[in-house]
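Report on the following structure.
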């Protein structure tokens, strides 16, 4: 069963087509990687899916229901949560209160929100930091807090936007295991990432964007061998 279906989506900013007739399906229970060079339209696509932008043309469906044009809070309430490239926790609040704020999307009482938040912090390895003011966290833990905040909304689908950027090898390995366990909980995942170790080790399928267009889709092994992808993206990385 498909969780998200993107149908012929265009996104124009003035005369610029940031997305050009993009279509694909995110199936229940899978991890779908979204890759492409800087400026390819990846984050713009996330912004369309979760309601920050309404597509210029085309539509997005969630479990068969059209969600294009809905506000982000309504889409989150339906069950789609996301993280952001630049992590911005509520800096004057504790780690725990950051996640409690997200948990109130579902919870009616603070005690219920706190239970949800504590579960999310235990899951992401941040429980021991729960009373720390969030601005004092190092980058790796701020990335985890961003994921914990998203999990606090109890999503069915999680959109991860470069959650691995800036992490050291040990932190990368730890976060890869966390993402696998999130999928094991039954949460469907779509991930934007430049780090190819992450994409190749986590993704069931990969969609490749370039200049706002989908240029390839397939398994990690198929994408790694695709000459169009190698020229547009992998080749660029190898030549860097």
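The values are calculated or read from the model by the stated rules, or taken from the named source; none is laboratory data. These numbers come from a predicted model, not from an experiment. Note: ideal-geometry Cβ built from the backbone for every residue, glycine included; neighbour counts use all protein chains shown.
Conditions tested, residue by residue: (1) on the phi > 0 side of the Ramachandran plot; (2) touching a helix residue (DSSP H, G or I) at 6+ places or on another chain (Cβ under 8 Å); (3) assigned to a strand (DSSP E or B).
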position	(1), (2), (3)
131	no, yes, no
135	no, no, no
158	no, yes, yes
166	yes, yes, no
176	no, yes, no
182	no, yes, no
186	yes, no, no
201	no, yes, no
214	no, no, yes
Taking residue 93 and the conditions (1) within 23 Å of residue 24 (Cβ to Cβ); (2) in contact with a strand residue (DSSP E or B) (Cβ under 9 Å, 6 or more places away or on another chain), which numbered condition does it fall short on, given that it satisfies the others?
-> (1)
Can you name the number of the only condition in (1) in contact (Cβ under 8 Å) with a residue 60 or more places away in the chain; (2) within 23 Å of residue 215 (Cα to Cα) that residue 29 fails?
-> (2)
(1) in contact with a strand residue (DSSP E or B) (Cβ under 7 Å, 6 or more places away or on another chain); (2) under 30 Å from residue 61 (Cα atoms): which one isn't true of residue 194, the others all being true?
-> (1)
Considering the range 121-159 alone, what residues qualify as being crowded, with 22+ Cβ neighbours inside 10 Å, farther than 19 Å from residue 79 by Cα and touching a strand residue (DSSP E or B) at 6+ places or on another chain (Cβ under 9 Å)?
-> 134
Here are 46, 12: which of them is in a helix (DSSP H, G or I) and either modelled with pLDDT of 95 or more or crowded, with 18+ Cβ neighbours inside 10 Å (or both)?
-> 46
Within the range 188-199, considering residues that are without any contact (Cβ under 8 Å) to a residue 40 or more places away in the chain and part of a helix (DSSP H, G or I), the one surrounded by the fewest Cβ atoms within 10 Å (Cβ to Cβ) | 197
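Yes or no, residue by residue, for (1) crowded, with 21+ Cβ neighbours inside 10 Å; (2) assigned to a loop (DSSP other than H, G, I, E, B):
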position: 39; (1), (2): no, yes
position: 53; (1), (2): no, yes
position: 70; (1), (2): no, yes
position: 90; (1), (2): no, yes
position: 113; (1), (2): yes, no
position: 119; (1), (2): no, no
Kindly indicate whether residue 125 is within 20 Å of the chain's Cα centre (by Cα) and within 24 Å of residue 188 (Cβ to Cβ).
-> yes
Scanning the range 55-66 for residues that are assigned to a strand (DSSP E or B) and touching a residue at least 24 places away in the same chain (Cβ under 8 Å), the one nearest to residue 185 (Cα to Cα) turns out to be 62
Criterion: under 27 Å from residue 181 (Cβ atoms), in contact with a helix residue (DSSP H, G or I) (Cβ under 8 Å, 6 or more places away or on another chain) and modelled with pLDDT under 95 - qualifying residue of 120, 103, 107 | 107
